[in-house]
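For reference, the structure discussed in these notes is given below.
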Amino acid sequence: MSEFRFNRVTGDWVIIASERARRPEDYIIRMNRRDMPPHVSTCPFCVGNEYMTDPVFIEPANGAWKVRVIKNKFPALRPDANPAVEGGINTRTMSGLGYHEVLIEHAEHNRYLFDQNVDEMKIVLASLKRRYVEIAQDDRIALVVIFKNHGAGAGSSLEHPNCQIMATPVLPNDVRRRTEDARQFFDENGKCLFCGIIEDETKEGKRIVHKSEHFVSFVPFAAISPFHTWLMPLRHFPDFGSITDEELSDLAAHMRRLLRKIYFGLDDPDFNFVVRSILERLSDKRSFHWYMSFIPRVAQPAGFELGSGMYINASLPERCAEFLRKINAG
Ligand SMILES: [Zn+2]
Ligand SMILES: [Zn+2]
């Protein structure tokens, strides 16, 4: 029997269609990324082509670079735009104020995150934190989103490993609704919704993928798609920008392990990840809890999802978690 499951964090119902359920192994789609060279002379992100991009900062500042944060060449948003709201009630516009930057994760063209060592991964995460904190200081900004598109199926048009940072002066409806729901939950229950989920998931155990000193990753009870995984800090805080150095080290090791499980278990699928975080100055510190969401692109949303806003997941979250747990990520 299929069943509806309610996702307390997103407020969405998901259909877990276990009758149509495929085995986790059936989601493996082989990609052809393995034959890529470490350097491509025409790639704007490769060593030797630095003049082709406009840097925000480089890590380390001198010598051979490990990470470069650059301005997006065709930004969707830019910080020098005028934020004035114009138009009538039904034709409201605002110029595209915000930030749109790219973080180049490694000097080598074919060095994907799963293939970096923990120290390299930590430099990527620390650079994301640095830029997140810097942009958050611009008080015109209401939301900073860090995300990654890996592969064409996840919306990426560039091979060279990168993730993106976008910041907007407005809060999207989805984020506003989620933060208000979390605040209401806190008011009604006197505790953080997310801390409660971590407690329950840890106790139950069957959807856990990995637990480390400061983080836990698990397939949500009402996951919207196969192998959809959340990675949450055990300490309660709303803003990724407040992560400590010790937590960053643990996150680097934890995320590396999770990405390797996805890579080896599902044979290098396209995927997205996104950091869900609320700026400290705008948050009710007690009720929101930042986390990361990983979405392997092994099943595509179709007409029903578009028409209803409700997802059908043809896999059991418990089986997906068990599958990922067993993959040796060494
Ligand atoms: Zn390249
Ligand atoms: Zn919490």
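Derivation of every value follows stated rules applied to the coordinates shown; laboratory data play no part. What you see is a predicted model; the values in this text were computed from it and never measured. A quick note on method: Cβ atoms are made from the backbone with ideal geometry, for glycine too, and the neighbour counts reach across all protein chains shown.
Do we have Gly155 as at positive phi and away from ligand 2 (no atom under 16 Å from the Cβ) here? Yes. So the check is Cβ under 6 Å with 6+ separation or different chains; which pairs have a first residue in segment 200-221 that's among the aromatic types (Phe, Trp, Tyr) and a second one that's assigned to a loop (DSSP other than H, G, I, E, B) and surrounded by fewer than 19 Cβ atoms within 10 Å (Cβ to Cβ)? Going by the 6 Å Cβ cut-off, there are no qualifying pairs. Pick from segment 108-148 the residues that are farther than 25 Å from Pro172 by Cα and of a type in the set (A, V, I, L, M, F, W, C): which of them is surrounded by the most Cβ atoms within 10 Å (Cβ to Cβ)? The extreme case among them is Met121. From the list Ile198, Ile224, exactly one residue is near ligand 2 (Cβ under 9 Å from one of its atoms) and among the aliphatic types (A, V, I, L, M). Which is it? Of Ile198, Ile224, the one residue that is near ligand 2 (Cβ under 9 Å from one of its atoms) and among the aliphatic types (A, V, I, L, M) is Ile198.
The set of residues in segment 149-188 that are within 16 Å of ligand 1 (Cβ to nearest atom), hydroxyl-bearing (Ser, Thr, Tyr) and crowded, with 16+ Cβ neighbours inside 10 Å contains only Ser156. Can you tell me which residues in segment 236-257 are touching a helix residue (DSSP H, G or I) at 6+ places or on another chain (Cβ under 8 Å) and either closer than 22 Å to Ile28 by Cα or within 16 Å of ligand 1 (Cβ to nearest atom) (or both)? Once the filter is applied, which keeps residues that are touching a helix residue (DSSP H, G or I) at 6+ places or on another chain (Cβ under 8 Å) and either closer than 22 Å to Ile28 by Cα or within 16 Å of ligand 1 (Cβ to nearest atom) (or both), segment 236-257 yields Met255, Arg256.
Report the residue count in segment 36-55 for those that are free of Cβ contacts under 8 Å to residues at least 12 places away in the same chain and within 11 Å of ligand 1 (Cβ to nearest atom). Spell out the reasoning first.
Restricting attention to segment 36-55, the residues satisfying the condition of being free of Cβ contacts under 8 Å to residues at least 12 places away in the same chain are 41-42, 48-49, 51-52.
Right, trim to within 11 Å of ligand 1 (Cβ to nearest atom) and you get 41-42, 48-49, 52.
The number of residues fulfilling the criteria is 5.
Check segment 78-99 and report whether any residue there is under 20 Å from the mean Cα position of the chain (by Cα) and crowded, with 20+ Cβ neighbours inside 10 Å.
Applying the first criterion (under 20 Å from the mean Cα position of the chain (by Cα)) to segment 78-99 yields 98-99.
Applying the additional criterion that residues be crowded, with 20+ Cβ neighbours inside 10 Å yields 98-99.
Within segment 78-99, one or more residues are under 20 Å from the mean Cα position of the chain (by Cα) and crowded, with 20+ Cβ neighbours inside 10 Å.
For segment 211-330, list the strands (runs of 3 or more DSSP E) that sit wholly inside it and hold at least 2 residues that are under 15 Å from the mean Cα position of the chain (by Cα); which are they? Don't jump to the end; show me each part of the working.
On the way: elements: 215-218, 229-233, 271-276, 291-296, 311-313.
The qualifying strands (runs of 3 or more DSSP E) are 215-218, 229-233, 271-276, 291-296.
Quick check on Glu105: is it under 27 Å from Val47 (Cα atoms), of a type in the set (Asp, Glu) and surrounded by fewer than 19 Cβ atoms within 10 Å (Cβ to Cβ)? No, not satisfied.
For Ile58, the stated conditions do not hold, so it cannot be described as part of a loop (DSSP other than H, G, I, E, B) and away from ligand 1 (no atom under 14 Å from the Cβ).
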